[in-house]
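See structure below.
Bear in mind these aren't lab numbers, they're just calculated from the coordinates by the rules spelled out. Keep in mind it's a predicted model, so treat the numbers as computed, not measured. Cβ atoms come from the backbone with ideal geometry, glycine included; neighbour counts cover every protein chain shown.
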Number of protein chains: 2
Amino acid sequence: MRFGLFGSAQARRGSADPAQGFHDYVDYAVEAEALGFASAFLVEHHFTGIGQVSATLGLLAWVAARTTRLRLGTAVIVLPWHNPVLLAEEAATLDVMSGGRLDFGVGKGYRRNEFDGFAIDIAEAEARFSEALGVILKAWTAEERFSHHGRFWRFDDVLVEPAPLQKPHPPLWMAAGSAASIREVAARGANLLLDQFAPAAVIAERIALFRGAVEARGRAFDPAMVAVARNIFVAYDAAEQTAALERLRRQHGHMIALSQHAARPVTSHILGYAGGEGASEAAALYGPPEAVTRGLVGLRDAGAAYVLLNGGGTSRENLRRFARDVMPVL
Amino acid sequence: MRFGLFGSAQARRGSADPAQGFHDYVDYAVEAEALGFASAFLVEHHFTGIGQVSATLGLLAWVAARTTRLRLGTAVIVLPWHNPVLLAEEAATLDVMSGGRLDFGVGKGYRRNEFDGFAIDIAEAEARFSEALGVILKAWTAEERFSHHGRFWRFDDVLVEPAPLQKPHPPLWMAAGSAASIREVAARGANLLLDQFAPAAVIAERIALFRGAVEARGRAFDPAMVAVARNIFVAYDAAEQTAALERLRRQHGHMIALSQHAARPVTSHILGYAGGEGASEAAALYGPPEAVTRGLVGLRDAGAAYVLLNGGGTSRENLRRFARDVMPVL
């Protein structure tokens, strides 16, 4: 199996060293590369009040500057917030500078407080996503100047520089849970991010559905096209396990509160916290190495070849235990 | 005197190694720090067709990750292009990660092709600049959630994270040439960027005007509040000097073409190429060490204590000659 990281970084306002959380994240990613992890997928969030990373590509540039092989993932950049030309430029700059290591995860957004903050109607999320993605792909691949007159954006006679290093463009990743949204991911030629809450049996169904949709479009399916996020914490005793689960529960409670939106109930996907109370802990692989390994074998049997570890904040000790006790078995 | 860098980086579309120009720029800035330069001010441009840097803060993150002391300047971020909240987040992230090294240079924009590309009416440049700067300063300094309902932007109940490390916020820098614009810089509490074309006598007038305007507002004037850009190339013989001037002429010819806008003639400032043909070369300090030194002494006598070197692309040899042959004299 192949492993990556999925998670956030936090720089709290008003703390004694507000940079510490971000630097911890960079150190965590650097160590992950050394331990054999393949990627780091980083979230984008705004106005959380707990200092979650907002300038995702900016922080990934620091990770990129200190690594050589690690794939640099976004999970996900929320396209409705961004000017698609500026975003295409920024993402291409990271791809170029990093030697073609960008995994461009994109989404429509789901947190109520973010739509409210940007004063964007959540009903426009789909349309904004589609238009922005179209502009970005055009910006990355057009060798001649082009114009775009859309519903939300207008650009005249632009040539977007730099072009990304990866051709025709960095891989796209999208999160999905429902059958319709999984088919959309395949239709867009993107790779699939699966959520951290669904049990192995559901993961198996979703991978099979995605595989069918990909093959129906004449594209060869590769298990590396699906990454499954999972809360993982290697605990050496019951006290550690209990404490880690307690942290997870507190954190997810806060995320659920930020996510709810009366006009658009959050459905299950990698980034949503939709399973309600208890769902996080039910799917989490928190326990001794043998239990974590058993959980991963279950996912492997479900067809998952690529798992993104989330858990324990930026605990490098958790990474080390995972690399020592779990990775070699799989 | 204190010295910094002013310039661009270029990653050309379709070249064999499109990242080379950006990596050269990072190496150039890293060596500048080692040689005793205080800062690197980097431009922002779009749609140039010659691969000028567009994601300025993204590239500065690489410079920041590889340096420890160098100030990281933008010269300038054009506020009318950017969502001010996203920009505040990205700039604060760089400030936080770099240990408080951001010099935030901002401007209204002047290139015709950029306004056209973003489909923004150049007549709105001033109003967009003012509104965006107001939002950014509020975003950086507000400890509580706030809303903004302006002419161009609306945000509701937002708390922008991270906060910058420098308090109350990173220093602002603005380019100006005319008396009115120099007074505006002082009124906004910003530092002043002066252009690479004006002769020493004009620089002296502008610094005196700025000093007066700063002191009239009860703020103490410090010569480090003014940075003068200058084309500088230390040539060891006439052939080198001629070749370097020829490169400068070609480059500036292209910039002049991009800058002209029928509806708003470009006036002289650090970033404009308004002097017309020949102006660049007239003010350039291109020549043997003694001639470069004489030119800088002239600027020092005019009240300039901080000069930003631009010239020779990202020639590290030029930096080394300057550090060895010119810096010690001044």
What percent do you get for the relative contact order of the stretch B:2-329 when only Cα pairs under 8 Å and 6+ apart count?
18
Nearest 0.05, what FRET efficiency do B:Glu31 and B:Val297 give at R0 = 22 Å with Cβ-Cβ as r?
0.30
On alpha-carbon atoms, Rg over Rh for the stretch A:118-221 using Kirkwood Rh?
1.04
Principal semi-axes in Å for the stretch B:168-207 [√(5λ), Cα gyration tensor, largest first]
20, 11, 7
List the GluC sites (Glu not before Pro) within the stretch A:109-160 that DSSP assigns to loop and that have no more than 14 neighbouring Cβ atoms inside 10 Å.
A:Glu143, A:Glu144
For the pair A:Phe152 and B:Ala238, how long in nm is the line joining their label points, each one 7 Å along Cα→Cβ?
6.2
Express the Stokes-Einstein translational diffusion coefficient of the stretch A:1-94 in µm² s⁻¹, to the nearest whole number, given a Kirkwood radius over alpha-carbon pairs, 20 °C and a viscosity of 1.002 mPa s.
156
Who wins for biggest fluctuation among B:Pro168, B:Pro289, B:Pro84 in a Gaussian network model of chain B, springs between alpha carbons below 10 Å?
B:Pro168
Let's test the formula: R0 of 35 Å, r as the Cβ-Cβ distance of A:Ala282 and A:Asp17. What FRET efficiency results, to the nearest 0.05?
0.50
Any idea how far apart A:Arg219 and A:Arg249 come out in nm if each label point goes 7 Å out from Cα toward Cβ?
4.1
Longer than 29 Å from Cα to Cα, which of A:Lys108/B:Lys167; A:Lys167/B:Lys138; A:Lys138/B:Lys108; A:Lys138/B:Lys138 are they? Say none if no pair is.
A:Lys108/B:Lys167; A:Lys167/B:Lys138; A:Lys138/B:Lys138
Using only Cα atoms, figure out Rg for the protein assembly as shown and give it as a multiple of 2.2 N^0.38 Å.
1.00
Please report, ordered by residue number, every helix of chain A (full DSSP H runs) that is 15 Å or longer along its axis going by C-alpha atoms and whose mean Kyte-Doolittle hydropathy reaches -0.5.
A:20-35, A:84-97, A:125-141, A:200-216, A:238-259, A:289-301
Can you give the FRET efficiency for A:Ala127 and B:Ala119, using 1/(1 + (r/R0)^6), R0 = 22 Å, r = Cβ-Cβ distance, to the nearest 0.05?
0.75
For the stretch B:188-231 and the stretch B:1-75, compute the distance between their C-alpha centroids and round to whole Å.
24
Kirkwood Rh (inverse of mean 1/r, distinct Cα pairs), the stretch B:2-329, angstrom:
20.2
Shielding of A:46-55 by partner chains, average beta-carbon count, 10 Å:
6
When DSSP beta bridges are limited to those with both residues in chain A, what percentage is antiparallel, rounded to the nearest 5?
10
